Structures are given as C-alpha cells and as structure tokens.
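So the structure is just underneath, and the comments pick up after that.
The values are calculated or read from the model by the stated rules, or taken from the named source; none is laboratory data. Keep in mind the model is a prediction, meaning the values are calculated, not measured. Every residue, glycine among them, receives a Cβ derived from its backbone with ideal geometry; neighbour counts consider all protein chains shown. Surface areas here come from the heavy atoms of the whole protein model, side chains and all, with no ligands, DNA or RNA. Shrake-Rupley method; radii C 1.70, N 1.55, O 1.52, S 1.80 Å.
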Amino acid sequence: EPDAGALVMPGTYSVSFSKRIDGVTIPLGEKKTFEIVVPGNSILTGQNKATLAEFQQKVSRLQRAVSGSLQTANDIKSRLGTIKRALQETQAPADSLVRIAIGIESNINGILRALRGDATLRSRNENSPVAINERVTRIVDDLRLSTSLPTQTQRDVYTIAGSDFKTELAKLKSLVENDL
C-alpha cells in the first residue's frame with residue numbers, strides 16, 4: 001500500500017482528537033485507551049520481540065546472499081556469451097574451448113534455475129520447483145509487517161532455502177574459482 005509503514009507492536013495505546021481553528025486548539029471528546037493484539041497470539045514479550053528481530057535479520061542476510069549470487073551468476077552468463085563469440089571468431093581451432101564454455105554455460109544455467117526458477121517451464125504454464133529466491137522473498141514479505149513470532153512453516157522454509165542455497169553457492173564458487 002502507498003505510504004504504509006511498519007505495523008505497531010501489540011500493546012496498550014491511547015488516542016485523542018482535537019481541532020485547531022485560528023490558533024485555538026479545541027479537544028474533541030475524551031482520550032481513549034485501547035489494546036492492540038494479534039488474534040490467536042499473546043502479546044510479544046521482550047524475548048519474543050528479540051526472537052522475531054533475530055529471525056528477520058537471518059532471513060535478510062540470506063536474501064542479500066541470494067541476491068549477490070544471482071548477480072554473480074548473471075554476470076558470468078554474460079561473460080560466457082562474450083567468450084563464446086570470441087572463440088567463434090578466432091582463426092585458431094577452438095573446438096575444445098567452445099565445448100568447455102558450453103559446459104560452463106550449462107552449469108551456470110542450472111545454478112540460475114535453482115536460484116530464480118525455471119522461466120521456460122513457467123512460460124508454458126508448467127509446474128516448476130520453487131526457486132530459492134522465491135522461498136526467501138516469501139518469508140521476507142510475510143515478516144516485513146509482522147507483529148508475531150515466525151511460524152514453524154516460515155522456519156522450515158528458511159531451513160530449506162538455506163540448505164539449497166548452500167549447495168548452489170558451492171557450485172557457483174567452484175565454477176568461478178576453477179572452471180571459469
């Protein structure tokens with residue numbers, strides 16, 4: 001929503017109204033006190049607020065790491081395009097180098113598919129595995145305005161995304177440090 005800020009935390013609040021005309025402030029009714037609660041949950045205690053903040057920070061760090069890996073993988077894919085064009089234009093026999101470049105490109109495509117999803121399957125309205133970036137983004141979106149502890153599902157999704165990302169990051173590091 002436009003101009004929406006973070007939700008207030010559960011607790012006790014009060015509100016009063018007044019109007020100001022020609023510099024004179026006139027109260028409108030009496031001050032009212034009310035309680036903000038999350039249905040189905042108790043009010044967040046200091047420890048629960050800390051737990052929520054800690055989980056949000058963990059998810060945020062994972063999101064930054066996934067985003068950086070996506071950028072790196074996209075840069076490599078672009079570089080490979082340039083490398084393949086240069087190999088095609090060379091006078092010397094470069095068939096073995098072209099095969100290596102195609103192999104690296106295949107590996108980077110697999111990493112990108114795991115990180116951001118399979119665009120080809122989606123364009124054909126086919127089911128595709130949930131991408132790591134989608135998992136992390138969903139948790140971030142769900143928790144951005146949250147005033148309750150993360151659900152077990154969110155914790156499980158974080159664990160799955162983290163594990164999958166660790167695997168893909170290792171592949172990306174190997175590709176960058178060894179293959180490329």
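Radius of gyration over Kirkwood radius for segment 80-154, both on Cα atoms: the Rg/Rh ratio is 1.26. For segment 51-118, the Cα gyration tensor yields ellipsoid semi-axes of 37, 10, 7 Å (square root of five times each eigenvalue, largest first, whole Å). Principal-axis analysis of the Cα atoms of the chain puts helix 46-89 at an angle of about 30° to the longest axis.
The number of Lys pairs in segment 29-173 with C-alpha atoms less than 16 Å apart, excluding pairs fewer than 8 positions apart on the same chain, is 4.
Restricting segment 32-136 to GluC sites (Glu not before Pro) that sit in a DSSP loop and have at most 16 other Cβ atoms within 10 Å of their own Cβ leaves Glu126. Modelled spin-label separation between Ile100 and Thr82, with each label point placed 7 Å from Cα along the Cα-to-Cβ direction: 1.8 nm. Helix 132-144 versus the longest principal axis of the chain: what is the Cα-based angle in degrees, 0 to 90, to the nearest 10? Approximately 10 degrees, to the nearest 10. For the chain, the longest principal axis of the alpha carbon atoms and the long axis of helix 95-116 meet at an angle near 20°. For segment 39-180, the direction-averaged projected area of the alpha-carbon convex hull comes to 11.0 nm². For segment 99-180, the relative contact order comes to 35 percent (Cα pairs under 8 Å, sequence separation of at least 6). Solvent exposure of Val157, expressed as accessible area, is near 40 Å², computed with a probe of 1.4 Å over the protein chains only.
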